[in-house]
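Visitor: Here's a structure for you.
Where a number appears in this text, it was derived from the coordinates with a stated rule and is not lab data. Since the model is a prediction, treat every value here as computed from it, not as a measurement. Positions of Cβ are generated from backbone atoms using ideal geometry, with glycine treated the same way; all protein chains shown enter the neighbour counts.
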Amino acid sequence: MADEPIQVTDPHRVGVTFVNQVIGIGHANGVVNVAFATALFSVGPDGKVVPDLVVSSRLRMDLWCVQQLHDQLARILAQNVKTTGTPH
């Protein structure tokens, strides 16, 4: 029998967070922890742009979810990275 589609709802209208960098990653007892930062830019006293990485989200997931994420990211990279190894 084919797998039935899983219904996904968003009753709380969870917002989208844009992230620029993985700032921490680790695992313990089968749970993977990933922390992301978003780059904010301001102008310093000397007039130069000063990047400020701000923690923007932390994800915790089991190994099954990590495998799903890995598979999907690998698929996206394979479709979008040229043979030279750079995104197009």
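Visitor: Specify the residue that is farthest from N20 (Cα to Cα); the eligible residues are those in segment 38-71 that are without any contact (Cβ under 8 Å) to a residue 12 or more places away in the chain and either part of a strand (DSSP E or B) or of a type in the set (D, E) (or both).
Guide: Ranking the candidates gives D46 first.
Visitor: Now for a different question. Please enumerate the residues belonging to segment 5-37 that are of a type outside the set (S, T, Y), loosely packed, with under 11 Cβ neighbours inside 10 Å and touching a residue at least 12 places away in the same chain (Cβ under 8 Å). So that I can check it myself, show each step before the final result.
Guide: We begin by selecting, within segment 5-37, every residue of a type outside the set (S, T, Y); these are 5-8, 10-16, 18-37.
Checking the rest, the ones that are also loosely packed, with under 11 Cβ neighbours inside 10 Å come to 5-8, 10-16, 18, 22, 26, 28-30.
F18, V22, G30, listed by residue number.
Visitor: Find the residue count for segment 11-45, including only residues that are of a type outside the set (V, I, T) and farther than 19 Å from R60 by Cα.
Guide: 9
Visitor: L73 - would you say it is within 16 Å of the chain's Cα centre (by Cα) and either surrounded by 11 or more Cβ atoms within 10 Å (Cβ to Cβ) or of a type in the set (D, E, K, R) (or both)?
Guide: On the way: within 16 Å of the chain's Cα centre (by Cα): yes; either surrounded by 11 or more Cβ atoms within 10 Å (Cβ to Cβ) or of a type in the set (D, E, K, R) (or both): no.
Answer is no for this residue.
Visitor: Among D52, D46, D10, which is among the acidic types (D, E) and in contact with a strand residue (DSSP E or B) (Cβ under 6 Å, 6 or more places away or on another chain)? Show your work before the answer.
Guide: Numbers: D46 fails: in contact with a strand residue (DSSP E or B) (Cβ under 6 Å, 6 or more places away or on another chain); D10 fails: in contact with a strand residue (DSSP E or B) (Cβ under 6 Å, 6 or more places away or on another chain).
Going through D52, D46, D10 in turn, just one is among the acidic types (D, E) and in contact with a strand residue (DSSP E or B) (Cβ under 6 Å, 6 or more places away or on another chain): D52.
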